[in-house]
Amino acid sequence: MTTLFAKIVRGEIPSDTVYQDEQVTAFRDINPAAPTHILIVPNRVIPTVNDLTTDDEQLVGHMVLVAKLLAEQEEIAEDGFRLIINCNKNGGQVVYHLHLHLLGGRPLGPMVVRPKA
Ligand code: 5GP
């Protein structure tokens, strides 16, 4: 199976890549929602959080630690940032290749828009 993000990982589609190792690739979101908006993706295609298994525990931990490293590099660690993984339709997932959003550089507001009462 290939995905848009797998093509970015392999360098077949251009991206502003900020980090890569044998497990993950991180690149700037094409339509940033904040001054820093980086996507951290596994190099191997895993469509959604629903597809993770216990074999992926180390990988998921690594994704979070790479996010921490990049937050430091982007100088947003101290002020704070947000990590998001969307899953499926109700989670707002658009690209079906697991990815962790790293967002920061401004106050990000409420975590979820609450429906009007
Ligand atoms: P999702 O809604 O699936 O959690 O997030 C997908 C993200 O991928 C969106 O924020 C979108 O802007 C980003 N995106 C979609 N296509 C591309 C692309 O071709 N390149 C990059 N760098 N980001 C993309």
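The values are calculated or read from the model by the stated rules, or taken from the named source; none is laboratory data. Computed from a predicted model, the values in this text were never measured in an experiment. Reconstructed Cβ throughout: ideal geometry from the backbone, glycine too, with neighbour counts over all protein chains shown. Note: areas computed on protein heavy atoms with side chains; ligands, DNA, RNA excluded. Shrake-Rupley method; radii C 1.70, N 1.55, O 1.52, S 1.80 Å.
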Exercise. Could you please find all residues in segment 34-58 being under 17 Å from residue 91 (Cβ atoms) and more than 14 Å from the chain's Cα centre (by Cα)?
Key: 50, 51, 52
Self-check item: Within segment 14-29, tally of residues that are surrounded by 12 or more Cβ atoms within 10 Å (Cβ to Cβ) and either part of a loop (DSSP other than H, G, I, E, B) or of a type in the set (Gly, Ala, Ser) (or both)
Solution: 4
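Looking for whichever is open to solvent by less than 40 Å² (accessible area, probe 1.4 Å), within 16 Å of the ligand (Cβ to nearest atom), in a loop (DSSP other than H, G, I, E, B) and touching a helix residue (DSSP H, G or I) at 6+ places or on another chain (Cβ under 9 Å) here; the options are 98, 102. Which one fits?
On the way: 102 fails: in a loop (DSSP other than H, G, I, E, B).
Within the list 98, 102, the selection yields 98.
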Quiz item: So which residues in segment 19-48 are of a type in the set (Val, Ile, Thr) and more than 11 Å from the ligand (Cβ to nearest atom)?
Solution: 24, 36, 40, 45, 46
